[in-house]
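*Asks:* To start, I am sharing the structure in question, which I have written as structure tokens.
The values are calculated or read from the model by the stated rules, or taken from the named source; none is laboratory data. Please read these numbers as outputs of a predicted model, since none were measured by experiment. Positions of Cβ are generated from backbone atoms using ideal geometry, with glycine treated the same way; all protein chains shown enter the neighbour counts.
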Amino acid sequence: MGSSSIMRQLAPYLNLGAQMATTILVLGGVGWWIDSTWRSSPWGLIVGLLLGSALGLTQFLRMIQQLLKKPTDDGNGDGVR
């Protein structure tokens with residue numbers, strides 16, 4: 001098994017952390033913007049981070065379920081990794 005084959009198998013998993021972090025940071029940023037606009041500090045940031053964490057974790061778990069359901073095949077025809 002070559003290194004390119006290993007990277008192809010790992011690629012979907014390597015993206016999971018970035019997706020979760022992005023979700024948390026974007027919603028945290030929205031909360032921060034709401035705080036600066038409406039002078040509601042720190043409640044907008046707290047709510048944004050909590051929503052981002054919940055949505056990020058939900059998305060993470062859904063992706064893991066999808067990735068674990070995929071049939072694995074290394075190309076030799078036996079259906080086993």
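*Asks:* Filter the stretch 49-78 down to the residues that are under 13 Å from the mean Cα position of the chain (by Cα), modelled with pLDDT under 95 and either in a loop (DSSP other than H, G, I, E, B) or among the β-branched types (V, I, T) (or both) and list them by number.
*Replies:* I64
*Asks:* Go through the stretch 49-66 and give me each residue that's surrounded by 14 or more Cβ atoms within 10 Å (Cβ to Cβ) and either touching a residue at least 24 places away in the same chain (Cβ under 8 Å) or within 25 Å of L10 (Cβ to Cβ) (or both).
*Replies:* L49, L51, G52, S53, L55, G56, Q59, F60, M63, listed by residue number.
*Asks:* Ok, one more. Quick check, is W38 among the hydrophobic types (A, V, I, L, M, F, W, C), exposed (fewer than 11 other Cβ atoms within 10 Å of the Cβ) and at pLDDT 95 or above?
*Replies:* yes
*Asks:* In addition: Is it the case that the stretch 36-48 has a residue that's part of a helix (DSSP H, G or I), of a type in the set (A, V, I, L, M) and free of Cβ contacts under 8 Å to residues at least 12 places away in the same chain?
*Replies:* no
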